Amino acid sequence: QVQLVESGGGLVQAGGSLRLSCAASGKGYSISTMGWYRQAPGKQRDFVADISHGGTTNYADSVKGRFTVSRDGAKNMIYLQMNTLKPEDTAVYFCLTHTTLGPAWGQGTQVIVSS
């Protein structure tokens, strides 16, 4: 069973930065792509960014140039560096990993950007 735990969310002023982390634990699986999604109140969960096992990254247009996704394969961790945050970035951020046991979601971490 894959377990994911996100951390690093919080309250920040517009223009500020936050770094989210997600740690995958458990045994008996391999991880391919890892990514981040977010869900604002009353809205659907949207793609933010992901990174393949080989390091190829993808970003939503709304975060390109501001967010950077990275991973530490040895530690089964993924990070999201968020710079120049905007109020519209306010959401619960979820980590998603694609593993040989199937996809796994974290519980989410709240990010609030004040104007």
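Observations on the model:
- Pairs are defined by a Cβ separation below 6 Å, a sequence spacing of at least 6 or placement on different chains, a first member in region 31-44 that is touching a residue at least 40 places away in the same chain (Cβ under 8 Å), and a second member that is of a type in the set (Gly, Ala, Ser) and not in a strand (DSSP E or B); the pairs so defined are 33/52.
- Scanning region 78-115 for residues that are assigned to a strand (DSSP E or B) and not hydroxyl-bearing (Ser, Thr, Tyr) yields a count of 18.
- Subset of region 20-37 (residues that are under 17 Å from residue 70 (Cβ atoms) and surrounded by 14 or more Cβ atoms within 10 Å (Cβ to Cβ)): 20, 21, 22, 23, 24, 31, 33, 34, 35, 36, 37
- Residue 49 satisfies every condition listed in (1) touching a Ser or Thr at 6+ places or on another chain (Cβ under 7 Å); (2) under 18 Å from residue 111 (Cα atoms); (3) outside any loop (DSSP other than H, G, I, E, B); (4) open to solvent by 30 Å² or more (accessible area, probe 1.4 Å) except (4).
- Applying the condition of being among the β-branched types (Val, Ile, Thr) and buried (at least 19 other Cβ atoms within 10 Å of the Cβ) to region 67-89 and asking which residue is farthest from residue 26 (Cα to Cα) yields 69.
- Residue match in region 70-77 (condition: of a type outside the set (A, V, I, L, M, F, W, C), touching a residue at least 40 places away in the same chain (Cβ under 8 Å), assigned to a strand (DSSP E or B) and touching a strand residue (DSSP E or B) at 6+ places or on another chain (Cβ under 6 Å)): no
- Test: residue in region 52-66 that is open to solvent by less than 50 Å² (accessible area, probe 1.4 Å) and assigned to a strand (DSSP E or B): no
- Set side by side, the residues 40, 104 differ, and just one is open to solvent by less than 50 Å² (accessible area, probe 1.4 Å) and farther than 17 Å from residue 9 by Cα, which is 104.
- Sole exception among (1) more than 16 Å from the chain's Cα centre (by Cα); (2) within 14 Å of residue 110 (Cβ to Cβ); (3) surrounded by 14 or more Cβ atoms within 10 Å (Cβ to Cβ) for residue 11, by number: (3)
The values are calculated or read from the model by the stated rules, or taken from the named source; none is laboratory data. Please read these numbers as outputs of a predicted model, since none were measured by experiment. Glycine gets a Cβ as well: all are built from the backbone with ideal geometry, and neighbour counts include every protein chain shown. Heavy atoms of the whole protein, side chains included, go into the accessibility calculation; ligands, DNA and RNA do not. Shrake-Rupley method; radii C 1.70, N 1.55, O 1.52, S 1.80 Å.
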